[in-house]
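Chemist: Mind having a look at this structure? Questions to follow.
The values are calculated or read from the model by the stated rules, or taken from the named source; none is laboratory data. Keep in mind the model is a prediction, meaning the values are calculated, not measured. Here the Cβ is made from the backbone with ideal geometry for all residues, glycine too, and neighbour counts use every protein chain on show. What goes into the accessible areas is simple: the full protein's heavy atoms, side chains included, and nothing from ligands, DNA or RNA. Shrake-Rupley method; radii C 1.70, N 1.55, O 1.52, S 1.80 Å.
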Amino acid sequence: MEKIGIIDLGSNSARLVIVNLFADGYFMVVDELKESVRLGQDMERDGFLKPARVAETIKTLKMFRKLCDANNVDKVY
C-alpha cells in the first residue's frame, strides 16, 4: 500500500485529498481538506496576482504539507 496526497490549486480554492493506494488498483480516501484561498481575487489588469493572495496561498500549501507529513504520505502530486 502506498499513501499519496493530491493537491488541486485553483483560483478560488485549494484542496488536498490523502488516499491509500492498494496493489489491486483500488484506493481509500483517508482525509480531505478544502481551503478558500481566493488567489485570483483582485487580480491586476495585467494578469499578475496580488502578493498578499500569493502569501496566503503559500501558507495554505505549507499547512497541507504538515498534514501530509503527519499522515506519513509517501508522495504528493
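Chemist: List the chymotrypsin sites (Phe, Trp or Tyr not before Pro) within region 1-60 that fall in a DSSP loop (any state other than H, G, I, E or B) and whose Cβ has at most 13 other Cβ atoms within 10 Å.
Modeler: Here the chymotrypsin sites (Phe, Trp or Tyr not before Pro) that fit, given the DSSP loop and packing criteria, are Phe22, Tyr26, Phe48.
Chemist: Give me, ordered by chain and number, the residues 5 or more places off Asp31 or on other chains with an amide H under 5 Å from its own placed amide H.
Modeler: Amide H neighbours of Asp31: Ile18.
Chemist: Roughly how many percent of the accessible protein surface of the chain is carbon and sulfur, given a 1.4 Å probe and a whole-percent answer? Walk me through the numbers before you get to the answer.
Modeler: Numbers: 2930 of 5460 Å².
Of the solvent-accessible surface of the chain, carbon and sulfur hold 54 percent.
Chemist: Would you kindly derive the ³J(HN,Hα) couplings of region 36-52 from the backbone phi angles with the Karplus curve 6.51 cos²θ - 1.76 cosθ + 1.60 (θ = phi - 60°), listing them in order in whole Hz, with x for Gly and Pro?
Modeler: 7, 9, 6, 4, x, 5, 6, 4, 5, 4, 7, x, 7, 7, 5, x, 5
Chemist: Computed FRET efficiency, Cβ-Cβ of Ile6 and Gln41, R0 35 Å: what is it to the nearest 0.05?
Modeler: 0.90
Chemist: Now a separate question. How many Å² of accessible area per residue for the chain, probe 1.4 Å?
Modeler: Numbers: 5460 Å² over 77 residues.
Spelled out: the 1.4 Å probe surface of the chain, per residue, equals 71 Å².
Chemist: Mind listing the long-range amide H neighbours of Val37? Cut-off is under 5 Å, sequence gap 5 or more, other chains count too, H placed in the peptide plane at 1.01 Å from N.
Modeler: Counting only residues 5 or more places away or on other chains, the set is Ser13, Ala14.
Chemist: Among Ala55, Ala14, Ala23, determine the one that fluctuates most according to a GNM of the chain built with springs between C-alpha atoms less than 10 Å apart.
Modeler: Maximum fluctuation in the GNM of the chain, among the listed residues, is at Ala23.
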